Each structure stands twice: as C-alpha cells, then as structure tokens.
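Since the structure comes first, as structure tokens, the remarks are kept for the end.
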Amino acid sequence: MRRSRRRRPEMREKLDKVERQVREARGRLRWQVRQALVPLDIQERKGISKLRGQVLIVTYDDDLQDRIRGIVESENYRCDIAEGSSRAVGMLRLQKYQLIIVDFTRYRRSNIFSYVRRYQPGIKIISIVANDDRARELMRWGSYSFLMGRNFDTEQLRTCLESSLRMGHQVCSLQSNGERCNKSCVNSYQTADDLLNFDDIQE
C-alpha cells in the first residue's frame with residue numbers, strides 16, 4: 001500500500017516553524033554582517049583621520065545637525081555627525097567620544113544604548129525626545145539628560161554640555177528624578193575657577 005504524499009498537519013507545522021527560524025537566523029546574520037562592515041565603509045569613504053571625536057551627533061535631519069553642531073562648536077568642542085544608529089556605532093568603534101547627542105523624536109535607535117552599556121559605558125548620551133513618556137523611558141535606559149523636541153531650548157543644551165563634559169556629572173540629577181532642567185547644575189555648584197581646575201585635571 002502506497003503512503004500518502006500529503007504530509008500530516010503536525011509535520012507541516014514543525015517544518016513551518018523550522019523554516020521561520022532559519023529565515024530569522026539569516027536575517028540576524030545579514031544584519032550582523034552589515035554592522036561589521038560599517039567601520040570599514042567609514043574608513044574608505046571618510047577616513048579615520050577625518051573623524052574629530054569628543055561629541056557625536058546622531059540624526060537624519062540636516063537642519064537639526066547644523067543647529068546642534070553650531071552650539072557644540074561654539075562651546076569649543078569637536079564633533080562628528082552620523083545619520084543613523086548603525087553608522088554611529090561604526091564611528092564609536094573608530095574614534096573616542098565623550099558624549100553622544102541622539103535624535104529620538106522619530107526613531108528608536110536603542111542599539112546605541114546597548115552598545116554603549118556593553119563596550120563604552122563611560123560615554124554619556126543626551127536624548128532629544130518628543131514627549132515625557134519617551135524621556136522617562138530613555139532616562140531609565142541610561143540617558144544622561146534629555147531635550148524636549150527638535151526646537152529644544154538652546155541654553156539647556158549648553159548647560160548639558162557644561163555639566164556633562166566640563167563638570168563631569170554622571171547624570172542630570174533633576175531630570176533623573178522627573179524634574180525639569182533649571183540650570184542649577186552649572187549655576188550653583190562650581191565657579192569659573194573650579195571649571196579651570198577641572199580642565200587642568202582632565203589634561
């Protein structure tokens with residue numbers, strides 16, 4: 001008696017599950033390969049010597065890139081720009097950065113946090129967010145502070161730069177407790193002489 005060529009339903013379910021797992025594994029492998037090739041692509045297109053280091057700006061928005069870069073450079077910090085999270089991680093592998101400013105208003109980019117936590121925990125992250133819920137979420141992930149919206153307060157960013165880079169605070173104590181920035185971190189705790197002393201120590 002010939003066996004039916006039709007597979008039993010339970011066998012079809014098992015095969016479907018295996019095929020789905022294989023597709024997912026291939027997708028993860030392709031993603032890992034793309035990630036591994038990003039630093040090489042940056043070296044070929046830009047060159048390591050062209051990366052300035054210190055502050056990394058991550059956003060697709062050209063106007064926001066120019067605005068943040070203008071503020072950062074006006075405070076005498078060096079900066080580079082990455083259009084997306086994959087390129088940002090690639091640049092983190094090639095150059096030393098102290099601070100990352102990331103536009104989270106439209107994109108998640110959670111892999112930046114996971115990469116920094118695992119490989120470069122000393123880097124601080126300032127998140128640009130669209131609402132309070134997102135701000136609280138990113139502070140839990142390990143953000144140093146946050147700026148509200150792409151039209152954020154320019155002076156708040158200057159405050160964050162000074163408190164995170166010059167004063168060396170580990171996290172914005174106000175925002176980590178759900179309070180709004182009032183610039184007290186730079187107005188109350190240290191004088192200009194203290195800042196000069198801190199810079200001397202860093203050198």
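Each reported figure results from applying straightforward, stated rules to the coordinates on display, with no laboratory input. A quick note: this is a predicted structure, and the numbers were derived from the prediction, not measured. Note that each Cβ is placed from the backbone with ideal geometry, even for glycine, and that neighbours are counted across all protein chains shown.
The table below lists the values:
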item	result
Reach of residue 50 by Cα under 20 Å, taken over lysines that are not fewer than 8 positions away in the same chain	96
Student exercise, the range 77-171 dipole from Lys, Arg, Asp, Glu Cβ charges, in Debye to nearest 20	400
Extended-chain gain in nm, criterion 0.36 nm per residue less alpha-carbon gap, residue 19 and residue 174	50.8 nm
Extended-chain gain in nm, criterion 0.36 nm per residue less alpha-carbon gap, residue 73 and residue 106	9.4 nm
At most 14 other Cβ within 10 Å, DSSP loop - chymotrypsin sites (Phe, Trp or Tyr not before Pro), the range 89-134	107
Projected label distance in nm at residue 155 and residue 11, using a 7 Å step from Cα toward the beta-carbon	7.5
Selection of trypsin sites (Lys or Arg not before Pro), the range 71-139, meeting DSSP coil and at most 16 other Cβ within 10 Å	78, 96, 106, 108
Spread of Cα-to-Cα distances over 10 Å intervals beginning at zero, given as percent, for the range 51-193	12, 47, 36, 5, 0
